[in-house]
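What follows draws every value from the coordinates through simple rules; no lab data is involved. None of the values given here were measured: they were computed from a predicted structure. Note: ideal-geometry Cβ built from the backbone for every residue, glycine included; neighbour counts use all protein chains shown.
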Amino acid sequence: MGASLSLALKKKGADAKVTGVVGSRKSKEKGISLGSADRILTSEEFGENPNWNDFDLIVFGVPVNTIVELIPSLPEDWPGLMTDMGSTKRDIVSAVESSHSSSHRYVSSHPMCGSEESGLEFANADLYEGRLCILTRPKGATEKAFSDLESFWRFLGMETVEIPALEHDRILSYVSHSPHIVASIMTDWVWENECVQKFTDRSPLPLTGGGFRDMTRIAGSNPKMWAPIFSSNRDEILSSLLDFRGHLDRIISELGPEKPLDLDHWKSFMEKSRDHRDGILKKKNDPKKL
């Protein structure tokens, strides 16, 4: 997402010089060849000579646990704007509040976009256009910092909404984190079925239709990113999955042989699900939105 951010700024004509910090020399060489940023440094090179005053904005585009480790290294008297693109917020906000004074310029961000693909070669200049960015304000963040960061994301074509850390993590457990787990379970569940394996081997094309592809697109996403997400939001993910299990148990009960199959019930179930999906995706407000 960091490389996409760099490309998006260039496409929007931002008067800014973008420096990308990557984890290895190999990534640096790849970034230079792809034109991922104006200047690219390895984390080791940056650590040797940070030059904080060269920057107006720092954006952490790394896993949540790495963000938490890096926050204490930010100089407290640095006047620039600081943010991240982390998928959970409680640990990040706690680290900011522990490391910074009662007046600082760190506001956490979560652009609700991205891809199941990872790597500099998959950077997309249009990734942020027309999408939502959730902003989470730690205690002590100045109003100016919040306003400036909101303007930054809107410059890239995003809409913004402010959500506190606890509520953010609870919501994301339902709309992102647990669905990733369910998608991964689905691939294991289907592939471990002997009949599926047997006839998949015999078939010239996949036995699945578009539904399975759509529901499992996010299965097995970048483990380096997702393992820290599961760790930092473990309690909310567990709670949401237990809730999901309750819904699944009710469906299993309806299919049990001890009761007659009620076709009207299933018709109502599917209609309600469609209405709920439209509500979640705000299609009732704007039918053009996906």
Quick query: amide H of Leu41 versus all other amide H atoms, modeled in the peptide plane; which residues come in under 5 Å with a sequence gap of 5 or more or a different chain? Gly20, Val21, Val22
What pairs in Lys17/Lys144; Lys10/Lys30; Lys224/Lys282 have C-alpha atoms more than 28 Å from each other? Lys224/Lys282
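Quote to one decimal, in nm, the extra length available between Ser231 and Met270 on full extension: 0.36 nm per residue of separation minus the C-alpha distance between them. List each step's numbers first, then the result.
Working: separation 39, 0.36 × 39 = 14.04 nm, distance 3.39 nm.
Full-extension gain reported as 10.7 nm.
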Taking amide H atoms as placed 1.01 Å from N in the peptide plane, list the residues 5 or more away in sequence, or in a different chain, whose amide H sits under 5 Å from that of Asn124. Ser4
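For a footprinting-style exposure proxy, rank Met82, Met186 by other Cβ within 10 Å, fewest first.
Met186, Met82
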With +1 on each Lys and Arg Cβ and -1 on each Asp and Glu Cβ, how big is the dipole of the chain about its Cα centre, in debye rounded to the nearest 20? 680 debye
Name the residues whose placed amide hydrogens come within less than 5 Å of the amide hydrogen of Leu57, ignoring near sequence neighbours (fewer than 5 apart) on the same chain. Leu81
Once the Cα atoms of helix 263-280 and of the chain are each reduced to a long axis, what angle between those two axes, in degrees from 0 to 90 to the nearest 10, is obtained? 10 degrees
Taking θ = phi - 60°, what integer Hz values does the Karplus form 6.51 cos²θ - 1.76 cosθ + 1.60 yield along the stretch 47-57, in sequence order, with x for Gly and Pro? x, 5, 8, x, 6, 3, 6, 6, 10, 9, 9
Helix-only mean residue ellipticity at 222 nm, the chain, DSSP H runs n ≥ 4 weighted -39,500 (n - 2.57), per residue, nearest 500. What is it? -15000 deg cm²/dmol
Taking the 0 to 90 degree range and rounding to the nearest ten, how far is the long axis of helix 143-155 tilted relative to the main principal axis of the chain, both from C-alpha atoms? 60 degrees
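What FRET efficiency would be calculated for the residue pair Lys144, Gln197, taking the C-beta separation as r and a Förster radius of 45 Å, to the nearest 0.05?
0.15
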Taking a spot 7 Å from the Cα of Asp56 along the direction of its beta carbon, which residues of the stretch 149-180 have an amide N less than 19 Å from it? 149-158
Going 7 Å from the Cα of Ile171 toward and past its Cβ, which residues in the stretch 87-130 have a backbone nitrogen under 12 Å from where you end up? 110-112
Relative to the longest principal axis of the chain, what angle (0 to 90°, nearest 10) does the C-alpha long axis of helix 25-34 take? 90 degrees
Using the Karplus equation 6.51 cos²θ - 1.76 cosθ + 1.60 (θ = phi - 60°), what ³J(HN,Hα) coupling, rounded to whole Hz, does each residue of the stretch 205-210 give in order, writing x for Gly and Pro? 9, x, 6, 7, x, x
Output the relative contact order of the chain, whole-number percent, from Cα pairs under 8 angstrom with separation of 6+ residues. 16 percent
Output wanted: per-residue J couplings in Hz (rounded whole) for the stretch 118-125, from phi through Karplus 6.51 cos²θ - 1.76 cosθ + 1.60, θ = phi - 60°, x for Gly and Pro. 9, x, 4, 5, 9, 4, 9, 5
